[in-house]
Amino acid sequence: MMHVKRGLNLGGYRGETIDIQGVLREIEIVAAGRGWSQEVMREAEPRLIALKRLWPNAARRLYLSAGLHGDEPAGPLAALELLRQDAWPADASLWLCPCLNPTGFPLNCRENAQGVDLNRDYLNAKTTEIQAHTAWLQQQPQFDLGVGLHEDWESHGFYLYETSHGTHPSRAEKAIAAVSAVCPIDESPEIEGRPAVHGVIRPSLDPRLRPRWPEAYYLHRQQVPLVYTLEAPSDFELPVRVQALVAAVWAIFE
Ligand SMILES: [Zn+2]
């Protein structure tokens with residue numbers, strides 16, 4: 001019965017919540033034991049941290065973020081699970097922001113504690129979270145691939161957004177195939193008002209249509225060739241959503 005919608009999410013996310021500071025402590029411990037180093041992006045409590053594992057001769061630079069929305073617990077849990085599984089490609093340097101909205105999780109709300117949707121603040125950031133995050137991003141080298149972990153409380157299955165410069169082969173279908181082994185795919189022809197094909201949305205990137213930038217748009221404008229926003233369906237059991245995100249990340253990074 002793990003793979004049926006539970007019908008809990010009436011008007012918003014009504015599922016499990018997490019102790020985000022406990023999850024972050026676990027993430028820091030596991031990461032330290034696997035050779036990751038830690039940086040503090042914002043010192044003010046609750047701190048914003050980033051993790052890195054860099055190789056001098058890395059062929060690729062992979063970036064992953066989670067926890068931008070405080071009512072999407074599968075993202076930080078998937079980050080922890082990815083660190084535990086430690087199946088990262090051997091040729092890649094890695095950057096991970098495990099939780100970008102630490103004040104949203106205790107409130108189980110999408111926005112931060114001040115009521116701002118952080119994933120709409122990436123153009124001329126006004127929040128200290130995204131100011132710190134974009135300042136940190138600007139100090140990093142060019143990434144080859146970016147992935148953001150999210151959930152959608154009203155979707156019928158897993159889906160993803162791909163923002164591409166068209167210079168690298170898509171990994172979207174590979175990710176969908178990997179996820180379909182653990183979680184249903186949202187087969188709707190339109191998701192969140194955008195045309196979708198077998199769980200893949202390739203949004204228009206006209207900035208005039210999108211004045212409130214999400215992280216994916218910022219990364220795209222930073223010339224990251226391929227950016228994926230993964231959306232696990234929040235009306236399914238939490239372990240299924242975590243597994244779905246983990247399966248998609250391994251498929252995309254492979
Ligand atoms: Zn989200």
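The values are calculated or read from the model by the stated rules, or taken from the named source; none is laboratory data. Keep in mind the model is a prediction, meaning the values are calculated, not measured. Cβ sites come from the backbone with ideal geometry, for glycine too, and all protein chains shown count toward neighbours. Note: areas computed on protein heavy atoms with side chains; ligands, DNA, RNA excluded. Shrake-Rupley method; radii C 1.70, N 1.55, O 1.52, S 1.80 Å.
Tell me, what ³J(HN,Hα) does each residue in the stretch 126-141 have, in order and in whole Hz, if you take phi through Karplus 6.51 cos²θ - 1.76 cosθ + 1.60 with θ = phi - 60° and put x for Gly and Pro?
10, 7, 5, 4, 7, 4, 5, 5, 5, 4, 5, 4, 5, 8, 8, x
Can you pull the one-decimal nm distance between simple spin-label points at residue 84 and residue 170, each 7 Å off the Cα toward Cβ?
In this crude spin-label approximation the distance works out to 3.3 nm.
Quick check on the chain: helices-only [θ] at 222 nm, where DSSP H runs of length 4 and up contribute -39,500 (n - 2.57) each and the sum goes over total residues. Nearest 500, please.
Rounded to the nearest 500, it is -8500 deg cm²/dmol.
If amide H atoms are built 1.01 Å from N in the plane of the peptide, which residues on other chains or at least 5 residues away come under 5 Å of the amide H of residue 64?
Distant-sequence amide H within range of residue 64: 95, 96, 97, 147.
Give the long-range amide H neighbours of residue 42: residues separated by 5 or more places, or on another chain, with amide H under 5 Å away, using H modelled in the peptide plane at 1.01 Å from N.
48
Can you give me the accessible area per residue for the stretch 38-181, using a 1.4 Å probe, in Å²?
With all protein chains present, the stretch 38-181 gives 39 Å² per residue.
For residue 142 and residue 60 in one chain, what is 0.36 nm times their gap in residues minus the Cα-Cα distance, to one decimal in nm?
Roughly 28.6 nm would be gained on extension.
So, for the stretch 210-254, what is the accessible surface per residue at a probe of 1.4 Å, expressed in square angstrom?
For the stretch 210-254, the solvent-accessible area averages 28 Å² per residue.
Under a Cβ-only charge scheme (Lys and Arg +1, Asp and Glu -1), can you give me the dipole magnitude of the stretch 67-133 about the Cα centre, in debye to the nearest 20?
140
Can you tell me the length gained on complete extension of the stretch residue 10 to residue 128, counting 0.36 nm per residue apart and subtracting the Cα distance?
So the chain would gain 39.4 nm between residue 10 and residue 128.
For the chain, what's the relative contact order in percent, using C-alpha pairs closer than 8 Å and at least 6 residues apart?
Values: 530 pairs, mean separation 62.9, N = 254.
This gives 25 percent for the chain.
For the residue pair residue 28 and residue 212, what label-to-label distance in nm results when each label sits 7 Å from Cα along the Cα-to-beta-carbon direction?
It works out to 3.2 nm between the two label points.
Grab every C-alpha pair in the chain, bin the distances at 10 angstrom width from 0 up to the longest one, and report whole percents.
Taking all Cα pairs of the chain, the binned fractions are 7, 33, 40, 18, 1 percent.
May I ask for the equivalent-ellipsoid semi-axes of the stretch 8-101, computed as the square root of five times each C-alpha gyration tensor eigenvalue and listed largest first in whole Å? Each step should come with its number before you reach the end.
On the way: eigenvalues 131, 45, 28 Å².
After diagonalising the Cα gyration tensor, the semi-axes are 26, 15, 12 Å.
Scan around residue 151 for amide H atoms under 5 Å from its own, H built in the peptide plane at 1.01 Å from N, and keep only partners 5 or more places away or cross-chain.
Excluding prolines and chain starts, which carry no amide H, the hits are 232.
What are the equivalent ellipsoid semi-axes of the stretch 90-154, built from the alpha-carbon gyration tensor (square roots of five times its eigenvalues), in whole angstrom, biggest first?
Over the Cα atoms of the stretch 90-154, the ellipsoid semi-axes are 23, 16, 10 Å.
To the nearest 10 square angstrom, what accessible area does residue 167 show with a 1.4 Å probe?
Spelled out: residue 167, probe radius 1.4 Å, area about 100 Å².
By the gyration tensor of its Cα atoms, with a ≥ b ≥ c the square roots of the eigenvalues, what is the shape of the stretch 102-247: rounded for a/c under 1.5, prolate for a/b over b/c, or oblate?
Note, shape of the stretch 102-247 comes out oblate.
Whenever you get a sec, compute what percent of the accessible area on the chain sits on carbon and sulfur atoms (1.4 Å probe).
Of all accessible area on the chain, carbon and sulfur atoms account for 52 percent.
For the stretch 105-254, what proportion of DSSP beta bridges, expressed in % and rounded to the nearest 5, is antiparallel?
45
Only four residue types carry charge here, +1 at the Cβ of Lys and Arg and -1 at the Cβ of Asp and Glu. Report the dipole size of the stretch 118-194 about the Cα centre in Debye, rounded to the nearest 20. Let's see the in-between values first.
Details: 5 positive and 12 negative charges, 71 e Å.
In debye, rounded to 20, the stretch 118-194 gives about 340.
With charges only on Cβ, +1 for K and R and -1 for D and E, what is the dipole size of the chain about its Cα centre, in debye, rounded to 20?
So the magnitude is around 560 debye.
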